[in-house]
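J.: If you scroll down you'll find the structure; I have some questions about it.
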Amino acid sequence: MKKNTPYTCHTKKLMLASLISMVMVNHAQAQNDNPPLLLQNYVSEPDAIYITDAHYNNSVILEDQTQKLFISNSQLDAGIRYLGKADLEGDVKDSTFSGQFFVQSTEGSVSLSLNNVDVTIDNILHSDVLLYAQENASLDLMNSRVATSVHAYGSEGTLAKLQISGSRVGNDDDNFNGYRALVQNGVAGESNSHAAELDISNSQIYGSVLSSSMDRGTASIALTNGSVIKGDADLNGSVMLLSIDDATLTGDIHAGSYTELPGDVVSTTVNVTNAVYRGNITSNNNIADDSLTININSSGIIGGETVDSSQRITGFNHVDANINYVDTSLLNTGKASYFFFNDGEDVVIANKVGANTVLDSVRSGSYILDHINYQITDESSKQGLADKGYYSIVFNTASDPVPDPTPDATVAADLQAAQAGLLASDDMIHRIAGSITQHLDARHMGENGAQTSDSNVWMDGIYSGGDRTAGTVEYSNDISGFQLGGDTSWALSNGDSLAIGAGLGYLHNDLDVSSSDGSNDIDGNYYSLYASWTQHQAEGQNWHLFADTTATYGDMSYSASGKDGTLNAGGDYDGNSWLWQARVGAQVNLAQDWWVQPYTVLGYSQTKTDAYNDGYSQVADGKFSAGFAGAGVKAGKTIELKGGQTLRPYIETSYVGRFSEDTKFNTSDYHFSGQNLNGGSVGAGLNAQLSKNWSTTAKVNTVIASDVSNEVHALLGAEYKF
């Protein structure tokens, strides 16, 4: 049986009821004492009101059935009051209000956006911005300053939502004693599962905040992106969620139901990420079966630093703690975190291993630390305290020493996937370049006489799959896609020819990390330009030279994810890659229609990826660049069929080495320096001239390198000459 906790929110609820009453009274008085003064730049249409570049000295009161309200670059010295029945959409920006901003729809929904506004009233007992809707209520406050408070109410709609971003609400030096930001939905005593959401980002709130679902629905508060809340965070509902991510909450957390009935089941979840929270967490319920789940995520810390400053978690029947992250300041340092629980609260560390005092996989920075030991001490007994319920917890690693730095094998799975994705991108752009040179080589094989002017369009299907190693990360590429291209050639006066062309390609890589439970979905859109020169092969001569160059640029997108035990992490990010290469070769025709085609290649490629956060680590901008040089040879036979078709089967071998490699993949506590891709390739192909205009190409080869195994590349294309 949990201990009863005083319901501290009741006084605030009574204040809310009084607040609404006073607002309505003041509204009626304003109608009598301050009739609307409609000056210049006021435009009224059947379904919209526009106020632009205006200055109003008295209160502006609107009571028509407009559906849209637009205010910009205006000054309203006595505020604005809107009373209507229909749905209302409002967009207010770059304006100043020295009186209350009040909007009410007695039968519809209201959606209101305030951007770069200042709202100030003299009476701190009243809210500066007050929105009331019979149905759904949505208020978005952006880049604004509000002197007292912001409130949004919904009654019978499914959602009431208040979003505050880049704004300041309240002042640090007034005597305000209420909620600075409040969102409320539903009617007390009903069970319609309405939702109330309060989202605060990059804002300063000088007081307490409340998200309330009065009919035992869902209520949530999200504090993010450097926000500072100098007060409490209160929730009312049957399912409640509070998330603190890169934000500061100086007060306590109160959770409870607006009304309670026997048999009610109430759940509260508190997520702490990239933040330190040492305030109390209290349930105000006395009847309901009340449970709390606390998730300590990336860079999250909870608990008091001394017994006297213990974090009090009270009033719940059940408390489950998921310790997904242990800060380095608490690991192997002997530093304890202190808590106080009510007698009768059932407290469990949910992610422990079996019945042992050992945590399952825990993230610390970029690494996964398996089997962290924890020790819980009853401080009330140890120190002989009069009050029972004080406990401390200390974390340490296993007795076997852990190498320093931690081996790469324990790097989080999603970071392994991101690391592999950086390197796999280089392989992808090489597949695009290889598709272009495949078509150029097919032409060189048949260009054994005078050159002609013509144009070509072509299409390739591209596939590549295989296993690679990057440090201790083992991964598999599964690349598929296509490329479309076209070019035009001109015969020169000396019999040689020049051609220029362009290609457009797409590749998807379903990358899987075999050394962990990680993956990376990579998409690339590629844009290529190429040019080639073919030497005229004079009569009686059995060889000619050729040269070509290719430049390719790729727009990349990535979605890296990984799972370590019960921990999931990942992130979406973008990047780009580019490649330039040049080749010089010769077509040598031998006796009995045999031929060889030696060539050399020189080029440079680079891939860059954007920085992102996977929820635990900040991944810096990534980069892989390298020059490459090599040589290869194709050897085959020309076969003329009776139907006029020409087949050119061949085998190919090549070697390409890398130089000036530069690999950067870093977090604050991990870095990776590259992989060895120097190696050779062997394969076979077939070029077929089916008619005067149509030809096809096919090629399969495998790569042999120290960090590559079981890799197969395949191209299948068609070309039309006109």
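J.: Given (1) over 27 Å from Y390 (Cα atoms); (2) not in a strand (DSSP E or B), where does S298 come up short, assuming only one miss?
T.: If we test S298 against (1) over 27 Å from Y390 (Cα atoms); (2) not in a strand (DSSP E or B), just (1) comes out false.
J.: Scan D199, D172 and give me the residue that is in a strand (DSSP E or B) and acidic (D, E).
T.: Exactly one residue qualifies, and that residue is D199.
J.: Being more than 26 Å from the chain's Cα centre (by Cα), surrounded by fewer than 23 Cβ atoms within 10 Å (Cβ to Cβ) and more than 28 Å from G571 (Cβ to Cβ) is the requirement here; does V307 meet it?
T.: Yes; evaluated as a whole, the condition is true for this residue.
J.: Got a sec? Which of L235, L210 is touching a Phe, Trp or Tyr at 6+ places or on another chain (Cβ under 7 Å) and among the hydrophobic types (A, V, I, L, M, F, W, C)?
T.: Result of the check over L235, L210: L210.
J.: All but one of (1) out of contact with any Phe, Trp or Tyr (no Cβ under 8 Å at 6 or more places or on another chain); (2) of a type outside the set (G, A, S); (3) modelled with pLDDT of 85 or more hold for Q675; state the number of the condition that does not hold.
T.: It fails just one condition, (3).
J.: If you don't mind, another one. Do we find a residue being closer than 30 Å to D327 by Cβ, assigned by TED's automatic domain parsing to the domain that holds M445, in a strand (DSSP E or B) and in contact with a strand residue (DSSP E or B) (Cβ under 7 Å, 6 or more places away or on another chain) anywhere in the stretch 633-644?
T.: No, there is no match, as no residue in the stretch 633-644 is closer than 30 Å to D327 by Cβ, assigned by TED's automatic domain parsing to the domain that holds M445, in a strand (DSSP E or B) and in contact with a strand residue (DSSP E or B) (Cβ under 7 Å, 6 or more places away or on another chain).
J.: If a residue must be modelled with pLDDT under 95 and among the hydroxyl-bearing types (S, T, Y), how many such residues does the stretch 139-181 contain?
T.: Final tally of qualifying residues: 6.
J.: Within the bounds of the stretch 651-659, is there any residue that is under 35 Å from the mean Cα position of the chain (by Cα), in a strand (DSSP E or B) and in the same structural domain as T600 (by TED's automatic domain parsing)?
T.: yes
J.: Let me ask another. Any residue at all in the stretch 622-630 that is closer than 30 Å to V272 by Cβ and part of a strand (DSSP E or B)?
T.: Within the stretch 622-630, one or more residues are closer than 30 Å to V272 by Cβ and part of a strand (DSSP E or B).
J.: Return the residues of the stretch 145-168 that are buried (at least 24 other Cβ atoms within 10 Å of the Cβ) and either outside the structural domain of G99 (by TED's automatic domain parsing) or out of contact with any Phe, Trp or Tyr (no Cβ under 7 Å at 6 or more places or on another chain) (or both); say none if nothing qualifies.
T.: The answer is V146, V150, H151, A152, G154, L162, I164, S167.
J.: Has the stretch 551-559 got at least one residue that is farther than 15 Å from S425 by Cα, among the hydroxyl-bearing types (S, T, Y) and buried (at least 22 other Cβ atoms within 10 Å of the Cβ)?
T.: No - not one qualifying residue is present in the stretch 551-559.
J.: Out of the stretch 349-386, which residues are aliphatic (A, V, I, L, M), free of Cβ contacts under 8 Å to residues at least 40 places away in the same chain and either buried (at least 19 other Cβ atoms within 10 Å of the Cβ) or closer than 26 Å to G562 by Cα (or both)?
T.: Passing the criteria: I349, V353, V358, L359.
J.: Oh, and also: From the set of residues in the stretch 228-258 that are in a loop (DSSP other than H, G, I, E, B) and over 21 Å from N177 (Cβ atoms), which is nearest to the chain's Cα centre (by Cα)?
T.: Within the stretch 228-258, the match that is nearest to the chain's Cα centre (by Cα) is D246.
J.: Could we say that H544 is more than 46 Å from the chain's Cα centre (by Cα), surrounded by 20 or more Cβ atoms within 10 Å (Cβ to Cβ) and part of a strand (DSSP E or B) here?
T.: The answer is yes for H544.
J.: If you don't mind, there's one more thing I want to ask. Taking the conditions exactly as written (assigned by TED's automatic domain parsing to the domain that holds T488, of a type in the set (G, A, S) and on the phi > 0 side of the Ramachandran plot), does G585 satisfy them or not?
T.: no
J.: List the number of the failed condition for Y206; all other conditions in (1) under 27 Å from the mean Cα position of the chain (by Cα); (2) of a type in the set (S, T, Y); (3) surrounded by fewer than 23 Cβ atoms within 10 Å (Cβ to Cβ) hold.
T.: (1)
J.: For the stretch 113-121, check the following and say yes or no: at least one residue is in contact with a Leu (Cβ under 7 Å, 6 or more places away or on another chain), modelled with pLDDT of 90 or more and either surrounded by 24 or more Cβ atoms within 10 Å (Cβ to Cβ) or not hydrophobic (A, V, I, L, M, F, W, C) (or both).
T.: Scanning the stretch 113-121, I find at least one residue that is in contact with a Leu (Cβ under 7 Å, 6 or more places away or on another chain), modelled with pLDDT of 90 or more and either surrounded by 24 or more Cβ atoms within 10 Å (Cβ to Cβ) or not hydrophobic (A, V, I, L, M, F, W, C) (or both), so the answer is yes.
The values are calculated or read from the model by the stated rules, or taken from the named source; none is laboratory data. Not measured: the values here are computed from a predicted model. Positions of Cβ are generated from backbone atoms using ideal geometry, with glycine treated the same way; all protein chains shown enter the neighbour counts.
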